[in-house]
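A short write-up of the structure that comes next.
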Amino acid sequence: MSTGEHDTALLRELDSQLRGLVRERVRAGDRVALLGEAPELARVLEAAGCAVLAVPATGERVERLRSFAPTHVVLPEGEGEPLLQMREASEAAPGAEIFLAMRNAGASAALLETLLGLAPGRQGASVEAVLRGLSSLGLEVRHQGLISRQDSTAELAPDTARALRRLLAQLSPTAEADGVLLVLGRAASRAPSREQGLLSIVLWAGDTPAASLDETLFSLACQEYRPLELLVVLPPDASSTEPDARALLERHRRLRDFSYQLIRVPEGGMARGVREARGQYLSFLDASCVVYPAHYVQLVQRLREGSAAWAFARSRWALVRETEGGRFIAEKKPFPLGDHFEFSHLLEHPALLYGLVVDRSRVGALPLEVADPVEAPRAELLARLASLFEPVFTAGLATWEWRALGPEPVALPAPSLQVLLPLASLEERVARAQARGESNKGLRYQAIDRLNQRLRERFPGTHARVRSLVSRVLR
């Protein structure tokens, strides 16, 4: 299929899914403004009992929208600059939901075809640029649907095309999408300005007992690092537990003051916590964790001393038992082991997400949002960070604990990632791996040599047979 045929098919898919999404979200009596030619959608909406206004002329859009007072505004693909359209719609109808369908100028497939000279650069904006521009318009995403092409660029070997597309997606996850459907609404608050030196901790407080949250908040109140803000994310059904969480926060902040915010939204609470975090430094935490007093001080200090974009610390995994007499720790073990950072650490222990600090001024526009905590998103964010930025690992004593009520989870399948690191970093990793191999080999030789010496002394007649056996083992 040619590039033109692909684009035509993509436009048809965008139009079809946009119509389905609008029909799904509007109700009889709603007032829908169509900023473009969409006669079929207009007929369907009118048949459903909606008032419909078609506004094709750019010059009179704002006036007509204000007088119509729509509950929903639809911006079809290809009808102009998306951010300008959204600005007009949000100013003229501030309470309306805005539907947007657009091709992604930053899609990995389109970028590869442009680099290979197979097609001109795709016109329009990238999804990443639109998402970054929403905060300046006072808008937030209420629904997002991505459309991706599954085929690869014909002029490249399939494996090569897939590897390049994955590489671009690590830099910008939305690069995997060739088209996007967005439903936007007025944001509760505008994006905060970044505050230098402030540490923002996004704390997931769902799925854990109140006793665990109490321990976590006490450990945060004892932190030596300041200034500090907490963004406490509660699950959508936490209406009964929210007062208890607020009471715990107020009690612990009396030990040492910190600012906090409770976040409870239908979905994506952790992502919203990241967006609303004001700090230069960002960290994640779970209500099953406790941090020692110098934990954040040490990590931030290591970042300030060098040029790394993020740092993480050794932890202890602790197995917690609950009995009638209370909670107690039945077992502890440190992770990860070793004195140097290894990529495998992050795949074997996804909970290491809760022991890191990111300097957001050094990662640029790289998205740091993590989905509400399930295992796969935790591992994906960790591996994506490590594939792009070499971290600092504080390899001394553990400075935080992950307290689990059950067994430690098994390691997850390794995500398929391309590693973007300086050659010197890769050479250092290879050298460490070779050194470990030589060390292990040396220990093996020493053990066999000691065994050989003992057998020679105690059983001289069997020495020749032992040497033959050892020679076969060492091959």
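Values quoted throughout were computed directly from the atomic coordinates according to the rules given, and no laboratory measurement underlies them. Quick caveat, the model's predicted, so the values are computed rather than measured. A quick note on method: Cβ atoms are made from the backbone with ideal geometry, for glycine too, and the neighbour counts reach across all protein chains shown.
Over the stretch 234-361, what is the relative contact order in percent, taking alpha-carbon pairs closer than 8 angstrom and at least six residues apart?
This gives 27 percent for the stretch 234-361.
Counting other C-beta atoms within 10 Å, which of SER126, SER16, SER219 has the fewest, and how do the rest follow?
Ascending Cβ contact count within 10 Å gives the list SER16, SER219, SER126.
Using Cβ contacts closer than 10 Å as the measure, can you line up TRP400, TRP317, TRP204 from fewest to most?
TRP317, TRP400, TRP204
Please arrange VAL358, VAL55 by counting, for each residue, the other beta carbons lying within 10 Å of its beta carbon, fewest first.
VAL55, VAL358
Give me the three principal axis extents of the stretch 3-186 from the C-alpha atoms, as integers in angstrom, largest value leading.
In descending order, the Cα extents are 54, 33, 27 Å.
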